[in-house]
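The values are calculated or read from the model by the stated rules, or taken from the named source; none is laboratory data. In this text the structure is predicted, and so the values were computed from the model without any measurement. FYI the Cβ positions are ideal-geometry reconstructions off the backbone, even for glycines, and counts take in every protein chain you see.
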C-alpha cells in the first residue's frame with residue numbers, strides 16, 4: 001500500500017541545492033528549495049543524501065536467474081526480482097524478448113501482458129515490452145547472438161497479433177531497416193504508439209534516413225550487433241550517429257564499447273544518449289557456464305564478460321547492472337549527466353512524466369544516494385512513495 005504522506009529532504013542531484021520533497025499517495029505534491037536553511041551548517045548538510053529520479057532500463061533480458069525469454073516464465077519469478085532491481089535504483093524496466101520461435105514469443109507476450117494488466121508491483125515497474133527481433137538482419141555480425149533460423153522480414157500482421165497477445169503493451173520494436181517492407185512497418189509502429197528502433201542491422205545510409213523519415217526514433221545498443229570489420233566511412237554506425245532524429249542507447253559494461261567510443265557517442269548524441277543494461281539472467285551470478293533459451297550456451301568470465309560458449313569474440317548480452325553502467329559513465333561525464341542517461345533521457349524517448357526531471361505531479365520514483373562517492377551508492381529507493389532499503 002502506498003504511503004499517504006512523506007517528507008524527504010536532500011540535495012538535488014542536478015542543482016546540488018537542498019530541497020524538501022512532499023509525497024502524497026505515491027506522487028510528488030510539493031518540491032521546495034530550502035538551501036538557505038542549510039548553507040550555514042555544512043556539517044548538517046553533509047549528512048544529507050542526494051535525491052535523484054529512478055532509473056529506467058529500456059532493455060532488460062533478465063536478472064539473477066530470472067529469464068524473460070524462458071517460455072516457462074511466471075509471475076512469481078518476475079515478482080521475486082523486483083526488490084533486487086529497486087535496490088539497484090531501477091524503478092521501471094522493459095523486458096526484452098529476443099528473436100525466437102513464434103510460439104514462444106506468443107506465450108511470453110501473453111504472460112507479460114497478463115502480469116502488466118494484473119496490477120500490483122509488476123504492473124507499476126514494467127513500463128512495456130521491448131521486442132528485440134525477430135525482424136533483424138540474418139547476417140553474421142549484425143545478428144549478434146540471435147538465432148539465425150528465427151530471423152524474419154517485417155510482418156505487420158504478425159505485429160498486430162503479437163500486440164493483441166500482449167494486451168497492447170509492446171512499446172519498443174528493434175528491427176533492421178534494410179529489410180523489405182520496413183518503411184511501412186515503421187509507420188505502422190508509429191501509428192500504434194510503438195517506438196521503432198534500428199538495431200542488429202547492416203543498413204545503408206539511405207536505409208537509415210528512410211527509417212528516420214518513417215518515424216524510427218532510436219538506435220538499439222549502437223556500436224554492437226555489428227560486423228567485426230567495417231569500412232572507415234561510410235558505415236551504419238557513423239550514419240546512425242549522424243542522424244539527429246535518432247536517440248542512441250548504449251551498453252557501458254566495459255566490454256561492449258570502449259570508453260573512448262562511449263565518450264564520442266555521448267558527446268554527439270547529447271540529451272539523446274541513453275544507457276541500457278542489456279543484462280542477461282546471469283547478471284548478479286557467479287562466473288561459469290550457463291544456458292538461455294534466447295542465446296544457447298554462454299560463459300560468464302570472472303571479469304564479468306558474457307560470451308557465447310566456444311566463441312569468446314561473440315558477446316551474448318551483458319552481466320552488468322544499469323547502476324554499474326551509470327557508475328562507469330559518471331567517471332567520464334559526471335554523475336548528473338550519467339544519471340540522466342538512464343532516467344530523464346529514456347523517459348523523454350518514451351514520453352514519460354520523468355522527462356522533465358524531478359517535478360510536482362510525477363510519480364514518487366526516487367533514489368537516495370550517498371554523497372561524495374565516485375561510484376553511485378544507494379541508500380534507499382522509493383517506488384510510488386514506498387521505501388525500499390538500498391544495498392543489494
Of all residues making up segment 1-51, the number that are exposed (fewer than 11 other Cβ atoms within 10 Å of the Cβ) and either under 24 Å from residue 124 (Cβ atoms) or in contact with a helix residue (DSSP H, G or I) (Cβ under 6 Å, 6 or more places away or on another chain) (or both): 4
Residue that is surrounded by the most Cβ atoms within 10 Å (Cβ to Cβ) [pool: residues in segment 291-315 that are under 15 Å from residue 144 (Cα atoms), modelled with pLDDT of 85 or more and touching a strand residue (DSSP E or B) at 6+ places or on another chain (Cβ under 6 Å)]: 306
Selection within segment 333-346 - under 17 Å from residue 13 (Cα atoms) and part of a helix (DSSP H, G or I): 333, 335, 336, 337, 338, 339, 340, 341, 344, 345
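Does at least one position in segment 129-139 carry a residue that is within 18 Å of the chain's Cα centre (by Cα), crowded, with 22+ Cβ neighbours inside 10 Å and closer than 29 Å to residue 388 by Cα?
Yes, some residue in segment 129-139 is within 18 Å of the chain's Cα centre (by Cα), crowded, with 22+ Cβ neighbours inside 10 Å and closer than 29 Å to residue 388 by Cα.
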Qualifying residue in segment 276-290 (condition: in contact (Cβ under 8 Å) with a residue 24 or more places away in the chain, surrounded by fewer than 24 Cβ atoms within 10 Å (Cβ to Cβ), assigned to a strand (DSSP E or B) and assigned by TED's automatic domain parsing to the domain that holds residue 252): no
Members of segment 136-167 found to be assigned to a loop (DSSP other than H, G, I, E, B), more than 29 Å from residue 230 (Cβ to Cβ) and out of contact with any strand residue (DSSP E or B) (no Cβ under 7 Å at 6 or more places or on another chain), listed by number: 167
Residue tally, condition surrounded by fewer than 23 Cβ atoms within 10 Å (Cβ to Cβ), in a helix (DSSP H, G or I) and in contact with a helix residue (DSSP H, G or I) (Cβ under 9 Å, 6 or more places away or on another chain), over segment 186-205: 4
Those residues of segment 25-45 which are without any contact (Cβ under 8 Å) to a residue 60 or more places away in the chain and either under 19 Å from residue 384 (Cβ atoms) or part of a strand (DSSP E or B) (or both), in sequence order: 32, 33
Set 111, 105: member being crowded, with 20+ Cβ neighbours inside 10 Å, under 21 Å from the mean Cα position of the chain (by Cα), under 25 Å from residue 143 (Cα atoms) and free of Cβ contacts under 8 Å to residues at least 60 places away in the same chain: 105
Any hit, segment 259-275, residues being assigned to a loop (DSSP other than H, G, I, E, B), in the same structural domain as residue 130 (by TED's automatic domain parsing) and under 25 Å from residue 97 (Cα atoms): no
